[in-house]
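K.L.:
A single structure is presented below for examination.
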Amino acid sequence: MNRKTLLILCLVFVALMLGAAGLYNALADDVQLGGLATTPPETQVPAEATEEATPETGETQPTEPPANIAPDFTMLDMDGNEVTLAEFFGKPIILNFWASWCGPCKMEMPEIQDFYEKYGENIHFLAVSVDDSVDTAKTFIETEGYTFPVYFDTTSMGAYTYGASSIPLTFFIDAEGNLTAYYMGAMSADILQQGVDMIYTPETAE
């Protein structure tokens, strides 16, 4: 290997290292609390304009809904009924995309079950399956004995809307429907607790 080739390889290596460092820093700006990202990723469904009356004239003008409102989508419940995400607004929501063939999804499910048993009365847990077969997902849940609410993204619109190209993917949504944080990968109890603390404040006894 001559000196010119060696110099080129060294320059390429340095450029790759600098690029990796820049990417890390860019991602680090959005990731806090031990890996929980507090800036939700861009969703695929644009917000629709609504009309709002101006106090001065009474005329209506198009306005954009808040950018951090969780986009709505339709899914099926265990009985095959259609439900929408927006129906659950009013309480905090933990929205989790999973599949029965996904190893990391299976790893985090015992933690999700524990948190559902602890917070299920105060937080909506929506475990949305992206399995191709509803029956396969149902059989898995029933066999494992999980009792947290399970839904089915049979049209893939939920996964598309929330960019769930890699699972598990979990979103923490407050009671007003605002996307507060998200996490990519299998969650530990610490990560789940951090997310819960961001969207739910227990009422203190007087």
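The values are calculated or read from the model by the stated rules, or taken from the named source; none is laboratory data. Note that the coordinates shown come from a computational prediction; the quantities given were computed from them, not determined experimentally. FYI the Cβ positions are ideal-geometry reconstructions off the backbone, even for glycines, and counts take in every protein chain you see. Remember, those area values only see protein heavy atoms, side chains included, never the ligands or the DNA or RNA. Shrake-Rupley method; radii C 1.70, N 1.55, O 1.52, S 1.80 Å.
K.L.:
Let a ≥ b ≥ c be the square roots of the eigenvalues of the Cα gyration tensor of the range 117-156; is it rounded (a/c under 1.5), or, if not, prolate (a/b larger than b/c) or oblate?
P.N.:
oblate
K.L.:
Mind ordering 91-98, 154-161 by average Cβ neighbours within 10 Å, highest first?
P.N.:
Working: 91-98: 23.6, 154-161: 16.6.
The most tightly packed comes first, giving 91-98, 154-161.
K.L.:
When all C-alpha to C-alpha distances in the range 150-206 are sorted into bins of 10 Å, what percent of pairs does each bin hold, rounded to whole numbers?
P.N.:
It works out to 20, 44, 28, 6, 2, in whole percents.
K.L.:
So who's got an amide H within less than 5 Å of the one on N178, skipping anything under 5 residues away but keeping other chains? H placed 1.01 Å off N, in plane.
P.N.:
A70
K.L.:
Computing the accessible area with a 1.4 Å probe over protein heavy atoms, can you report the carbon and sulfur percentage for the range 88-206?
P.N.:
Answer for the range 88-206: carbon and sulfur cover 49 percent of the accessible area.
K.L.:
Short version: ³J(HN,Hα) in whole Hz for each residue of the range 121-134, in order, from phi by Karplus 6.51 cos²θ - 1.76 cosθ + 1.60 (θ = phi - 60°), x for Gly and Pro, what are they?
P.N.:
Once rounded to whole Hz, the list reads 7, 10, 10, 7, 9, 10, 8, 9, 7, 10, 4, 5, 10, 4.
K.L.:
Take the Cα atoms of the range 102-206, find their three principal axes, and give me the spread along each one in whole Å, biggest first.
P.N.:
48, 29, 20
K.L.:
Please identify every one of the GluC sites (Glu not before Pro) in the range 120-186 that sits in a loop by DSSP and has no more than 15 other beta carbons within 10 Å of its own beta carbon.
P.N.:
Passing both the DSSP loop test and the Cβ count: E121, E176.
K.L.:
Of the peptides 114-120, 187-193, how do they stack up when ordered by the mean number of other Cβ atoms within 10 Å, highest first?
P.N.:
Taking the mean over residues of other Cβ atoms within 10 Å, the ranking is 187-193, 114-120.
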